[in-house]
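*Asks:* Mind having a look at this structure? Questions to follow.
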Amino acid sequence: MLMAHPTVLRNLVERYETLRAAVETDDPTDPETKTQLRDTAYTLCVSTGTREIGSALATAREHIAARPHLAHAAAADADRLAQAPAA
């Protein structure tokens, strides 16, 4: 089975957790935040080949933990690109 890159999964997990916290603590009736949370959960499930968000989060975390060098290297590359002077 194909699996998303660890950096993509890390970003999705972080986004899901941020949105879930917002729904639980901010305005839980905000339809935009709920839609983003639902979309992110769906993307996590598709990216991990699972059908439930709990399984998707567990699978994503396992994949990230098994390949920490990939997730950290890609994040470092992104930081370097963001700091590079414009051409």
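The values are calculated or read from the model by the stated rules, or taken from the named source; none is laboratory data. Quick caveat, the model's predicted, so the values are computed rather than measured. Reconstructed Cβ throughout: ideal geometry from the backbone, glycine too, with neighbour counts over all protein chains shown. Surface accessibility is based on the protein's heavy atoms, side chains included, excluding ligands, DNA and RNA. Shrake-Rupley method; radii C 1.70, N 1.55, O 1.52, S 1.80 Å.
*Asks:* Show the residue pairs that are 6+ apart or on different chains and have beta-carbon atoms under 8 Å apart, the first residue being within segment 53-65 and within 10 Å of LEU9 (Cβ to Cβ), the second being among the basic types (Lys, Arg).
*Replies:* Correct list of pairs: ALA60/ARG10; ILE64/ARG10.
*Asks:* Continuing with this model, one more query. Taking helices (runs of 4 or more DSSP H) that fall entirely within segment 5-87, which contain at least 3 residues that are small (Gly, Ala, Ser) and at pLDDT 95 or above?
*Replies:* Working: elements: 6-25, 31-48, 53-66, 68-83.
Once the helices (runs of 4 or more DSSP H) in segment 5-87 are filtered for at least 3 residues that are small (Gly, Ala, Ser) and at pLDDT 95 or above, what remains is 53-66.
*Asks:* Go through segment 40-51 and give me each residue that's closer than 21 Å to PRO6 by Cβ and either open to solvent by less than 60 Å² (accessible area, probe 1.4 Å) or not aromatic (Phe, Trp, Tyr) (or both).
*Replies:* At the first step, the residues of segment 40-51 found to be closer than 21 Å to PRO6 by Cβ are 40-50.
Within segment 40-51, THR40, ALA41, THR43, LEU44, CYS45, VAL46, SER47, THR48, GLY49, THR50 meet the criteria.
*Asks:* Let me ask something else. Collect the residues in segment 11-38 that are open to solvent by 60 Å² or more (accessible area, probe 1.4 Å) and touching a residue at least 24 places away in the same chain (Cβ under 8 Å), keeping them in residue-number order.
*Replies:* Once the filter is applied, which keeps residues that are open to solvent by 60 Å² or more (accessible area, probe 1.4 Å) and touching a residue at least 24 places away in the same chain (Cβ under 8 Å), segment 11-38 yields only ARG15.
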